[in-house]
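Presented below is the structure to which this report refers.
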Amino acid sequence: MGVIRSAAFNIAFYVGTAFLMIVQSPYYFLASRRNAYGVVVQGWGRFVNRQMRIWAGATFTIEGLENLPDGPCIIAPKHQSAWDTIMLLPWIPDSVFMLKRELIQMPLFGWYLKKQRQVAVDRAQTGRAMADAIARTKAEVETGRQLVIFPEGTRRPPGAAPDYKRGIQRLYRDLGVPVIPVVMHPGLFWPRGSFRRQGGHFKVRILPAIPPGRDPRLFFDQLVETMERESDRLLIETVDANPDIDLPAVTRERIAALRVAGV
């Protein structure tokens, strides 16, 4: 049954996404960027969440929406799954992402990203190229948009050892806006690099903002400590609430260590 439901979701997701992109293209590319975001981009987020609920039986609730401002900020979620790049779109007023350059180069999907002025980054380049990317990001945030950046850079299994990158420290210093940490574990239900989807329920926890203006190094330490502490607590809650879910080995090991530690 799990294989059938996973197949049904993957068909609905990929075929449905392609269909929506083609059918909505005339409106999307003729409308203003902001209207296109509200109707098409946020609508796509609702579509994907609905397909996960219908076909995979995976649902979530959000705690701490009051911590998410309408104005400029940096939203810093844990990154475990393709789902966590999509699922919060309906609640983010006007998101801008720093993303890898290859996505911008994709036919049609890349055109959609360019319309939203997403910031492409070549991970192989440093120095001036990165400074230019930060300058473009700052220009977008100064218009009132919310930057979404995953502090660990790439998807990691739930419970994996943290690997935070210093890039968010520089963004915090240069952008001068609050940082909103977000912890969640969608990787248990839509794992990286896996065909399988699992049903269950989990929480997205939006934590209180870290205000701008602090020493960037102290900010970075606070961000890592806060996110890892709250992520561990939420991992225990999520696993306890979904006792039948299959866990990766790294997650089982982390859960066992947390239980020994009394978390």
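Structural remarks
- Number of residues in region 206-228 that are in contact (Cβ under 8 Å) with a residue 60 or more places away in the chain and outside any loop (DSSP other than H, G, I, E, B) equals 5.
- Condition broken by residue 59, with the remaining ones in (1) part of a helix (DSSP H, G or I); (2) in contact (Cβ under 8 Å) with a residue 40 or more places away in the chain; (3) exposed (fewer than 15 other Cβ atoms within 10 Å of the Cβ) satisfied: (1)
- The residues in region 180-205 that are part of a loop (DSSP other than H, G, I, E, B) and closer than 26 Å to residue 73 by Cβ can be counted, and the count is 3.
- Of all residues in region 70-87, those that are under 17 Å from residue 48 (Cα atoms) have Cβ atoms under 6 Å from Cβ atoms of residues that are part of a strand (DSSP E or B), 6 or more apart or on another chain, in 84/77.
- Here residue 210 does not qualify as surrounded by 16 or more Cβ atoms within 10 Å (Cβ to Cβ), aliphatic (A, V, I, L, M) and within 16 Å of the chain's Cα centre (by Cα).
- Any hit, region 68-77, residues being open to solvent by less than 40 Å² (accessible area, probe 1.4 Å), farther than 24 Å from residue 224 by Cβ, of a type outside the set (A, V, I, L, M) and not in a helix (DSSP H, G or I): yes
- Top-ranked residue in region 30-56 [being over 17 Å from the mean Cα position of the chain (by Cα) and polar (S, T, N, Q); ranked as most open to solvent (accessible area, probe 1.4 Å)]: 35
- Near pairs, Cβ below 6 angstrom, 6+ apart or cross-chain, from region 147-176 (farther than 22 Å from residue 92 by Cβ) to any residue that is in a loop (DSSP other than H, G, I, E, B) and not charged (D, E, K, R): 157/248; 158/80; 158/185
- Qualifying residue in region 229-250 (condition: in contact with a Pro (Cβ under 7 Å, 6 or more places away or on another chain), over 27 Å from residue 69 (Cβ atoms) and not hydrophobic (A, V, I, L, M, F, W, C)): yes
- When residues of region 129-165 are limited to those that are touching an Asp or Glu at 6+ places or on another chain (Cβ under 9 Å), of a type in the set (Lys, Arg) and modelled with pLDDT under 95, the one surrounded by the fewest Cβ atoms within 10 Å (Cβ to Cβ): 165
- Filtering region 84-117 to residues that are in contact with a strand residue (DSSP E or B) (Cβ under 7 Å, 6 or more places away or on another chain), β-branched (Val, Ile, Thr) and crowded, with 19+ Cβ neighbours inside 10 Å leaves 92, 96.
- Filtered residue count, region 216-238, keeping only those that are closer than 28 Å to residue 194 by Cβ and either open to solvent by 20 Å² or more (accessible area, probe 1.4 Å) or more than 20 Å from the chain's Cα centre (by Cα) (or both): 8
- Contacts under 6 angstrom Cβ, first residue in region 1-15 being within 16 Å of residue 194 (Cβ to Cβ) and in a helix (DSSP H, G or I), partner open to solvent by 100 Å² or more (accessible area, probe 1.4 Å) and at pLDDT 95 or above, 6 or more apart: 5/55; 8/55; 9/55
The values are calculated or read from the model by the stated rules, or taken from the named source; none is laboratory data. Only a predicted model underlies this, so the values are computations on that prediction, with no experimental measurement involved. Backbone-built Cβ (ideal geometry, glycine too); neighbour counts: all protein chains shown. The protein model used for the area step is the full one, side chains on, heavy atoms only, and it has no ligands, DNA or RNA in it. Shrake-Rupley method; radii C 1.70, N 1.55, O 1.52, S 1.80 Å.
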